[in-house]
Structures are given as C-alpha cells and as structure tokens.
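Visitor: Mind looking over this structure? Questions follow.
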Amino acid sequence: MVESSRMAARQRGVVGESRHLLLSVSPGVVWIVVFLVLPSLYLMAVAFMTNGSYGLPQMPLTLDAFKQLAGFGFLGWSPGNFYTLLRSLWQTLLATLLVVIVAYPIAYYITTCRVKWRAIMLLLVVVPSWTNQVIRTFGWMNLLAPGTPLSDIAQSLGFIAPNMGLYPSNFAVTLGLVYNFLPFMVLPLYAAFEKLDTAQVQAAQDLYASPLRTFRHAVFPQTLPGLLAGTVLVAIPAFGMYVIPELLGGGKGMMLGNLVANQFAGGSNWPLGAAGAILMLIATFIGLFAMRRVGKRLGGGEEVVI
C-alpha cells in the first residue's frame, strides 16, 4: 500500500515536471514554427511554382525559377545571376577575413586593459550597432562621397579619378560590411581571450618561439571556438545582406539579397525570389556544417558547438 502510494506520487511528480517543461518551451516552439518554419515552407512552395501575371506564383509546379537563377532564360544562358552569386561569395569571404584581422587585436587589447575599463571599451565597440543600419550606411555614403577627406586622399594616391568618390563601389560595400559586422566578431573573440591560458603562451615564449608561432600554437587553438562563432555571426548575414550593397554599391555591387528583394518588388518574379531565398538557406546550412567540421578538425577531436 505504501509502495503504491509512493509510485503514484512519483508519477504525479513526473507529470508535473513534464507539464512545466511543456509550458516553458511552448512559447519558443510556437515562435520558431510561426516565424521560421512556416515562412520557409511557404518559400519552398512558391519556388516550385510558375511565374504568373504580375509576378505572382501559380500552378503548375515547375523548376523554371531555379533554371532562371542559374541564368537560363528564354533567350538562352546569361551569366548575370551567376556573377551575382560569385560576387556575394567573394564579398562575404573578403569582409569576413577583414573583420577577423581587425577584431583579433581589438579583442586581445581589451582583455589586457584593467577590468574597470573593459566594459567601457566593449560598450564603445557595440554602441554603433544600436543605431539603425540604414542611418549608419547613409553616414558612410556621406563620408565616402566626392569632395570628402577620404575621397581626396584616395585621389591624391591615384586610387580614383579626379572629382570621383569612393562611393558607389565594391570597396564601399566591403567597408560597410566590415564596419557593420565588426562587433559580432569582437565579442566572441573577447570571450575566448578571457579564458586564455596564459601559461601556454609563456611556455611558448620560454621555448623561444616567434610571435607568429606563439599565436599559431598557443593562442589560435584556444580562441578557435570564439573565431568560429564570430565567423558564423558575420558570414551568414553578410551573404544575404541587402541594405549595404543597395546603398553603398549603387547598383554596381548587387549581392544575392538584392537579387531576391528585387524579384519580390520591381522584378515581379516571386518564384525566382523564393528560389534565391532557398539558395541562401542552403548556403547557411552548408556554412554551419563546414564550420563544425573545421572546428572538429582543428579543435583536437572535439566538435565545436555552433
């Protein structure tokens, strides 16, 4: 009798915990389903439909949108979309590399400062991202326009023609991407540097390792998780960026995000836009898988969680 009452109480406790867990996770699950899963399923359905009147999708199902994304149209093959994809990949890789080069010394320097100054310096890194992205991009447009000090310096060095500005150009797009995503790399690297085992660095220096070898063998492996996390936070949104290429590129630096947005607006081809969005999702999954594999290979056998 006593044993049965204990089992009943244990079962009631398990049911109560399960109910509490369900109530705790259900808002997040509902949010993900409504704002992520359902829109993704809708895009997948639209991508396989036919482009109808005014660009709206209609039946029957077809692969025409993906063929158009690859450059095949009723006039044959055109490399325009292919160049846009290559430009998106190149701009993303270049911007991510530059962000890493700039963020590493910044994150390291912040960790070497006094504790009371670290929060202030991190705040200075993050504060610009609190301003609307469009406003910050317009600020760069003013800084890079003809007649500004930066443009005058570039003209004196022979980088641009007289009476020309650094904007619009691919250089301006890259600069805008680096500026926009720099905080997303500094913060993960700062967290990794805070956990840095300085004994390994001192041991490498005691063995007369050069600064480059010290960084390669003592610093880089310890900061790898922060680097990979920052790379994901930078590369994935940069690949589908719309505002910066649209404003700073001035039509000269169109990326995949601009191509997708134009199909839902002026281009009036929803299936093609949905196919481009699906391509960005596929690229995101491939990038995440590649980062996890790289982290496992470079992290000594343990897979880095991203």
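The values are calculated or read from the model by the stated rules, or taken from the named source; none is laboratory data. These numbers come from a predicted model, not from an experiment. We place every Cβ from the backbone using ideal geometry, glycine too, and count neighbours over all the protein chains shown. Surface accessibility is based on the protein's heavy atoms, side chains included, excluding ligands, DNA and RNA. Shrake-Rupley method; radii C 1.70, N 1.55, O 1.52, S 1.80 Å.
Visitor: Filter the range 135-170 down to the residues that are open to solvent by less than 60 Å² (accessible area, probe 1.4 Å) and aliphatic (A, V, I, L, M), then identify the one that is nearest to VAL243 (Cα to Cα).
Guide: Here the answer is MET141.
Visitor: Looking for whichever is open to solvent by 70 Å² or more (accessible area, probe 1.4 Å), closer than 17 Å to LEU189 by Cα, modelled with pLDDT of 90 or more and among the hydroxyl-bearing types (Ser, Thr, Tyr) here; the options are TYR109, TYR104. Which one fits? So that I can check it myself, show each step before the final result.
Guide: Numbers: TYR104 fails: open to solvent by 70 Å² or more (accessible area, probe 1.4 Å).
The unique qualifying residue is TYR109.
Visitor: Out of PHE193, PHE181, I need the residue that is assigned to a helix (DSSP H, G or I), open to solvent by less than 30 Å² (accessible area, probe 1.4 Å) and out of contact with any Leu (no Cβ under 9 Å at 6 or more places or on another chain). Which one? Give the steps one after another, and end with the answer.
Guide: Details: PHE181 fails: out of contact with any Leu (no Cβ under 9 Å at 6 or more places or on another chain).
Result: PHE193 is the single residue among PHE193, PHE181 that is assigned to a helix (DSSP H, G or I), open to solvent by less than 30 Å² (accessible area, probe 1.4 Å) and out of contact with any Leu (no Cβ under 9 Å at 6 or more places or on another chain).
Visitor: Here is a further query. Just the residues that are outside any helix (DSSP H, G or I) and under 24 Å from LEU93 (Cβ atoms), please, taken from the range 139-159. Walk me through it before giving the result.
Guide: Filtering the range 139-159 for residues outside any helix (DSSP H, G or I) gives 145-148, 157-159.
Scanning the range 139-159 gives a single hit, PHE159.
Visitor: For the range 174-190, name all the residues that are touching a helix residue (DSSP H, G or I) at 6+ places or on another chain (Cβ under 6 Å) and aliphatic (A, V, I, L, M).
Guide: Going through the range 174-190, the residues touching a helix residue (DSSP H, G or I) at 6+ places or on another chain (Cβ under 6 Å) turn out to be 174, 176-178, 181-186, 188-190.
Correct list: LEU177, VAL178, LEU182, MET185, VAL186, LEU189.
Visitor: With the condition kept exactly as written, say whether any residue in the range 260-267 is open to solvent by less than 70 Å² (accessible area, probe 1.4 Å), modelled with pLDDT of 85 or more and not in a helix (DSSP H, G or I).
Guide: no
Visitor: Going residue by residue through the range 206-218, is there one that turns out to be under 18 Å from the mean Cα position of the chain (by Cα) and open to solvent by 40 Å² or more (accessible area, probe 1.4 Å)? So that I can check it myself, show each step before the final result.
Guide: First, the residues of the range 206-218 that are under 18 Å from the mean Cα position of the chain (by Cα): none.
No, the range 206-218 has no match at all.
Visitor: Restricting the search to the range 22-44, which residues are open to solvent by less than 50 Å² (accessible area, probe 1.4 Å) and without any contact (Cβ under 8 Å) to a residue 40 or more places away in the chain? Break it down into steps so the answer makes sense when it comes.
Guide: Narrowing the range 22-44 to residues open to solvent by less than 50 Å² (accessible area, probe 1.4 Å): 26, 28, 40, 43.
Scanning the range 22-44 gives SER26, GLY28.
Visitor: So, in the range 44-94, how many residues would count as being outside any helix (DSSP H, G or I) and among the hydrophobic types (A, V, I, L, M, F, W, C)? First the steps, then the outcome.
Guide: Filtering the range 44-94 for residues outside any helix (DSSP H, G or I) gives 48-52, 56-63, 70-79.
Now narrow it down to the ones that are among the hydrophobic types (A, V, I, L, M, F, W, C): 48-49, 56, 59, 61, 63, 70, 72, 74-75, 77.
Qualifying residue count, the range 44-94: 11.
Visitor: Quickly run through the range 45-64 and pick out the residues that are open to solvent by 90 Å² or more (accessible area, probe 1.4 Å) and under 31 Å from the mean Cα position of the chain (by Cα). Spell out how you get there, then give the answer.
Guide: Within the range 45-64, the subset open to solvent by 90 Å² or more (accessible area, probe 1.4 Å) is 54, 59, 61, 63.
Listed by number, the list holds a single entry, LEU63.
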